[in-house]
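These notes are about the structure you will find just below.
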């Protein structure tokens, strides 16, 4: 999947920026997103939606979500390093 075309001289800086953004996300969310993306491709859209809804419900109860909500309410940047 291609979502951006860059001159060769800009690729490394772009990749590093994207990697830092990804690394700042809660690990549990990254793992769950990857799991969902690797799911069986033959499922219907409605089946996939059911799986995603269940996953989203579980993730809302996770410590990372609580940190994100708390940080939002406190108007601070979330710190996922301890969750």
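The condition of being exposed (fewer than 12 other Cβ atoms within 10 Å of the Cβ) and within 23 Å of residue 3 (Cα to Cα) does not hold for residue 30.
When the helices (runs of 4 or more DSSP H) confined to the stretch 19-83 are screened for residues that are touching a residue at least 40 places away in the same chain (Cβ under 8 Å), those reaching at least 1 such residues are found at 27-37, 63-74. Taking the criterion of being surrounded by 10 or more Cβ atoms within 10 Å (Cβ to Cβ) and under 28 Å from residue 52 (Cα atoms), the only residue of the stretch 1-16 that qualifies is 15.
A short reminder: the numbers here are calculations on the coordinates, not readings from a lab. Everything numeric here is computed off the predicted structure, so don't read it as measured data. Glycine also receives a Cβ, built like all others from the backbone with ideal geometry; neighbour counts cover every protein chain displayed.
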